[in-house]
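Take a look at the structure below.
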Amino acid sequence: DTEVTQTPKHLVMGMTNKKSLKCEQHMGHRAMYWYKQKAKKPPELMFVYSYEKLSINESVPSRFSPECPNSSLLNLHLHALQPEDSALYLCASSQARGGEGEQYFGPGTRLTVT
Amino acid sequence: QKEVEQNSGPLSVPEGAIASLNCTYSDRVSQSFFWYRQYSGKSPELIMSIYSNGDKEDGRFTAQLNKASQYVSLLIRDSQPSDSATYLCAVNEYRRGGADGLTFGKGTHLIIQP
């Protein structure tokens, strides 16, 4: 079973709100990822967690704060976002096997910042 | 900085024909290569992975990798209207001994004409 779940499916938030995106996988994967995808663009990497530790932060603004409470869960905390942050936020997971390791994506959370 | 290049299309192929999708990458240390299919409004779905030079077949799909030429391709035999989607080429490299994120091409929009 290659299933990654994400909640909520859709989120509308104001620029002063605080919200969180959640991701869960039960494949025993030890690497989890957040990507951002704008309309008609490819996904762009935001963060990588390997064995529950943040290993890569692709210079993402501090208004995005990731958290990995355990090996199955990944959160993305949002605060003081801008309208240009509206996008599809994708979570993925993989075996942490160096350069190999197929990444499986969840269905995404479509975020609109008003 | 890794770059992954794809022809954005649209690529129009008659039903039942072979669709050929191409991708080039700039980083010689890239080790893993993936093809994802993405339907409009959905998340990317992994359809093929390839790690070594040569061909890899899975059903109607064949991935081809030539590391010397920094070229990876995807062939879809007996194309069906349900294959109409955007196909994303993605590459991964071994970095810091652990998990790494994917770098995506801009995607090729494939249209299978009934």
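Read the figures in this text as sums done on the coordinates, not as results from a lab. Here the structure is a predicted model, which means the values were calculated and not measured. Positions of Cβ are generated from backbone atoms using ideal geometry, with glycine treated the same way; all protein chains shown enter the neighbour counts.
Extension gain, B:D58 to B:Q113, is 17.5 nm, computed as 0.36 nm per intervening residue step minus the present C-alpha separation.
If R0 is 25 Å, the Cβ-Cβ spacing of A:K18 and A:L73 corresponds to a FRET efficiency of close to 0.85. For A:E67, the shell of other residues with beta-carbons less than 11 Å away shows a net charge of 0, using +1 for Lys and Arg and -1 for Asp and Glu.
Other protein chain C-beta atoms within 10 Å of residue C-beta, averaged over A:101-108: 5. For A:V60, the amide hydrogen comes within under 5 Å of no other amide hydrogen, counting only partners 5 or more places away or on other chains and with H modelled in the peptide plane. Listed from fewest to most Cβ neighbours within 10 Å, the set A:W34, B:W35 follows the order B:W35, A:W34. Computed about the Cα centre, the dipole magnitude for chain B is approximately 260 debye when only Lys and Arg (+1) and Asp and Glu (-1) carry charge, each at its Cβ. Round to the nearest 0.05 the FRET efficiency obtained for B:S69 and A:V60 when R0 = 35 Å and r is the Cβ-Cβ distance. Taking R0 as 35 Å, the efficiency between B:S69 and A:V60 is 0.55.
Going from the fewest other Cβ atoms within 10 Å to the most, the residues A:T16, B:T108, A:T5 appear in the order A:T16, A:T5, B:T108. Over 28 Å apart at the Cα level, from the set A:K53/B:K56; A:K40/B:K2; A:K22/B:K42; A:K41/B:K2, are A:K53/B:K56. Charges were assigned to the Cβ only: +1 to each Lys and Arg, -1 to each Asp and Glu. The resulting dipole of region A:13-87 about its Cα centre is roughly 140 debye. A straight line joining the Cα centroids of region A:1-79 and region B:47-67 runs 29 Å.
The mean number of Cβ atoms from other chains found within 10 Å of a Cβ in peptide A:43-52 is 4, as a whole number.
Along the axis of the charge dipole computed for chain B (Cβ charges of +1 for Lys and Arg, -1 for Asp and Glu, origin at the Cα centre), the listed residues B:Y71, B:S32, B:V13 are led at the positive end by B:S32. Placing +1 on the Cβ of every Lys and Arg and -1 on the Cβ of every Asp and Glu, with no other charges, gives the protein assembly as shown a dipole of roughly 600 debye about its Cα centre.
By the beta carbon rule, with partners counted only under 4.7 Å, the protein assembly as shown holds these lone Cys residues: A:C68. Among A:S55, A:P43, A:S71, whose Cα sits farthest toward the positive end of the charge dipole of chain A (+1 at Cβ of Lys/Arg, -1 at Cβ of Asp/Glu, about the Cα centre)? Positive-most Cα among the choices belongs to A:P43. Springs join every pair of Cα atoms under 10 Å in this Gaussian network model of chain B, and among B:S43, B:S52, B:S84 the largest mean-square fluctuation is at B:S43. Listing A:S65, A:S59 from fewest to most neighbouring C-beta atoms within 10 Å gives A:S59, A:S65.
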